[in-house]
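Reading through the structure tokens given below for one structure.
The values are calculated or read from the model by the stated rules, or taken from the named source; none is laboratory data. The shown structure was predicted, so the numbers you read here are calculated from the model rather than taken from an experiment. Note that we place each Cβ from the backbone using ideal geometry, even for glycine, and neighbour counts take in every protein chain shown.
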Amino acid sequence: MLKIYALVVVIAVLGGIGYGAKYYYDTTQATISTLKENNAKLEVAVQTATESVKTLQQDMARLGKLNSDLQASLQKAEAYGDELRQKLNKMNLVIEALRDSKQLEGKMNGATANLWREFMDDTGNSREYPLPQWLQPLPAGTGDQGSDPDREGSDTNSSSSETSPAQ
């Protein structure tokens, strides 16, 4: 009988060792499976992060170029503004307005119309929107584009050297 008890104990010990080995194998395989899934997710995340970094670097290079272009344009605009200030300082508009107000009005309307056209061309809307009503040429015999309805002519070209007699 002792042999039977010893055999039962040995079988129980071997069964416990076998169950422990199976349990260890199953948990190890589950851990390996989880780690493989996490590794795949991490590889995708690293790839996405790498692509994002490349995109950000390209965007930064593009923004740097745009910024330098904008800076150059700003410098040109400031130089043009300085030039205009110098011209206005040389010119006395009050005396010119008193001398020939209708010619000055024509020049101002012509320059405004040209600026308006340039603004519209710069924004790409030159074909979509016409000049404002106050810059539209009027039908023949109704005066000019200015605010004076009695004024003759519709020339708004500021480079015109034609003068109208003072009234």
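The figures follow:
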read-out	value
Some residue of the range 28-37 being closer than 30 Å to ASP122 by Cα, surrounded by 10 or more Cβ atoms within 10 Å (Cβ to Cβ), β-branched (Val, Ile, Thr) and not assigned by TED's automatic domain parsing to the domain that holds ASP122	no
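Rundown of residues vs (1) at pLDDT below 80; (2) surrounded by 10 or more Cβ atoms within 10 Å (Cβ to Cβ); (3) among the hydrophobic types (A, V, I, L, M, F, W, C); (4) assigned to a helix (DSSP H, G or I), yes/no style:
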{"position": "GLU78", "(1), (2), (3), (4)": "no, yes, no, yes"}
{"position": "LYS87", "(1), (2), (3), (4)": "no, no, no, yes"}
{"position": "LYS102", "(1), (2), (3), (4)": "yes, yes, no, yes"}
{"position": "GLU105", "(1), (2), (3), (4)": "yes, yes, no, yes"}
{"position": "ASN125", "(1), (2), (3), (4)": "yes, yes, no, no"}
